[in-house]
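To start, the structure itself, in structure tokens.
The values are calculated or read from the model by the stated rules, or taken from the named source; none is laboratory data. If you're wondering where the values come from, they're calculated on a predicted model, not measured in any experiment. Don't worry about glycine lacking a Cβ; one is built from the backbone with ideal geometry, like all the others, and counts go over all protein chains shown.
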Amino acid sequence: MSDWLEATFTLHRPRAIAALTRLFRDIDMAEEAFADACLKALTVWPTDGAPRDPLAWLLTTARNSGLDQLSKSHRRAAILSRHVEEFQPMPAETPDPDEMRDDVLRLLFICCHPELDRRDQIAIALRVVLGLSVDEIAGGFLVRPKTMEQRLTRAKKKIASNPVAFETPSPAERGARLGEVSVMVYLMFSEGWSTSTGPKQIKLTLCEEAIRLARLLAALFPAMGEQAALLSLLLFQHARRRARIDAEGKLVALDDQDRRLWDRAEIAEATGLLQKAQRTGHHGAYIIQAAIAATHAHAESVGDTDWALIESRYAALYALQPTPVVRLNQIAAQARLHGPHHALKAMEPLAQDLSTYRWFHAMRGGLLQETGDHDAAITAFETVMALGPTALERVAITEKIAISQESLRKV
């Protein structure tokens with residue numbers, strides 16, 4: 001598959017799946033219909049040329065494919081009991097962009113159905129809305145793929161069996177599900193910013209879709225400081241996009257980025273949103289994370305970064321979310337203040353919980369290099385390589401291994 005086709009399918013998947021789910025009121029049907037449309041596009045577009053509006057083409061083809069499947073399915077009677085005119089094959093036409101955008105947000109609220117536990121809500125959103133594979137989601141939850149597949153199947157069945165699951169949630173229900181939906185928007189951005197697997201490090205279309213959804217949430221809940229803070233956090237991150245990959249296509253660490261390439265307009269907008277969030281008096285996780293991002297964004301150089309402030313903010317975040325990953329980030333800040341030996345000692349209690357988290361081993365390898373323990377550093381980096389890094393991460397880790405090997409040869 002060409003990069004352009006993959007990017008097009010990734011860009012339009014959330015809106016298409018959301019619209020098809022609204023139409024068919026069946027998540028599996030929506031996914032199958034979209035997959036059929038993508039397969040047809042792989043055959044038709046390379047020979048006939050891309051359509052003027054790829055989303056309209058995919059949505060029309062998927063809808064007609066779904067209708068064809070319904071004619072052969074036992075689900076036909078239940079679904080066709082709705083207004084018959086809704087289910088006539090449709091000609092290609094441009095969908096209303098605002099309607100599609102709202103459909104995505106609506107689907108996220110559906111995925112957050114209260115009958116599902118939070119982990120299942122997040123997992124099904126990653127699968128349905130973002131199209132992540134079962135293996136990718138399982139890796140994120142640190143469980144076996146078979147276990148995750150079973151959980152996803154149960155979650156879909158629970159939603160499908162609920163007669164009101166596909167109705168637009170009431171304002172009260174939206175408020176109750178807001179926290180989970182915010183997590184999903186954050187994870188959508190995170191997957192775009194640093195993809196789970198594959199040749200690409202960044203999928204800007206996912207990042208931009210997440211920012212659009214965060215703007216919608218901030219507009220729907222203007223008094224909620226956390227919503228403004230979520231948008232602020234995403235904008236602070238997104239502002240660094242042009243500095244993250246160098247001219248040779250290599251990944252550039254935050255310390256080495258050319259800060260002149262950072263988008264100052266987005267940083268200014270993010271700063272204003274953070275100040276608005278802080279004025280509400282809320283002290284949630286997104287406000288703290290946005291404040292951490294702001295500290296990085298406003299430092300003129302790595303040397304000017306206030307690492308003590310960042311460490312204290314991670315401590316505050318850990319008090320709210322005592323997870324191993326938050327603790328790892330706090331230790332990374334402590335390494336700047338107290339050195340690599342202190343950080344390596346602090347990492348030891350996290351080794352079991354983060355044994356399959358590649359960033360744990362990457363950070364440990366870097367710290368071991370700093371201490372001069374290159375044999376152990378190489379072992380840590382080889383563990384990263386075994387945990388499925390992206391293509392660009394693999395290049396960066398290979399270079400780190402080469403540095404340690406060269407140091408050992410000199411000895």
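If you go through the range 127-156 and pick out every residue that is crowded, with 19+ Cβ neighbours inside 10 Å and among the hydroxyl-bearing types (Ser, Thr, Tyr), you end up with 0. Got at least one residue in the range 140-148 being of a type outside the set (S, T, N, Q), assigned to a helix (DSSP H, G or I), at pLDDT below 80 and out of contact with any helix residue (DSSP H, G or I) (no Cβ under 7 Å at 6 or more places or on another chain)? Checking the range 140-148: at least one residue is of a type outside the set (S, T, N, Q), assigned to a helix (DSSP H, G or I), at pLDDT below 80 and out of contact with any helix residue (DSSP H, G or I) (no Cβ under 7 Å at 6 or more places or on another chain). Restricting the range 197-234 to residues that are closer than 19 Å to Val129 by Cα and of a type in the set (Ser, Thr, Tyr) leaves a set whose member that is modelled with the highest pLDDT is Thr205. Only a single criterion out of (1) under 23 Å from Ile287 (Cβ atoms); (2) in a helix (DSSP H, G or I) is not satisfied by Ile401, namely (1).
Screening Ala277, Ala319, Ala291 for residues that are without any contact (Cβ under 8 Å) to a residue 40 or more places away in the chain and either farther than 25 Å from Arg358 by Cα or surrounded by 13 or more Cβ atoms within 10 Å (Cβ to Cβ) (or both) leaves exactly one candidate, Ala291.
Test Glu93 against the stated conditions and say whether it is at pLDDT below 85, assigned to a helix (DSSP H, G or I), among the charged types (D, E, K, R) and over 20 Å from Glu31 (Cβ atoms). Walk me through it before giving the result.
Working: at pLDDT below 85: yes; assigned to a helix (DSSP H, G or I): no; among the charged types (D, E, K, R): yes; over 20 Å from Glu31 (Cβ atoms): yes.
The answer is no for Glu93.
Of all residues in the range 230-258, those being over 14 Å from Ile292 (Cβ atoms) and either surrounded by fewer than 16 Cβ atoms within 10 Å (Cβ to Cβ) or in contact (Cβ under 8 Å) with a residue 60 or more places away in the chain (or both) number 12. Within the range 384-407, restricting attention to residues that are at pLDDT below 95 and β-branched (Val, Ile, Thr), the residue that is surrounded by the most Cβ atoms within 10 Å (Cβ to Cβ) is Thr390.
Against the condition buried (at least 17 other Cβ atoms within 10 Å of the Cβ) and not acidic (Asp, Glu), how does Pro54 come out, does it pass?
For Pro54, the condition - buried (at least 17 other Cβ atoms within 10 Å of the Cβ) and not acidic (Asp, Glu) - is met.
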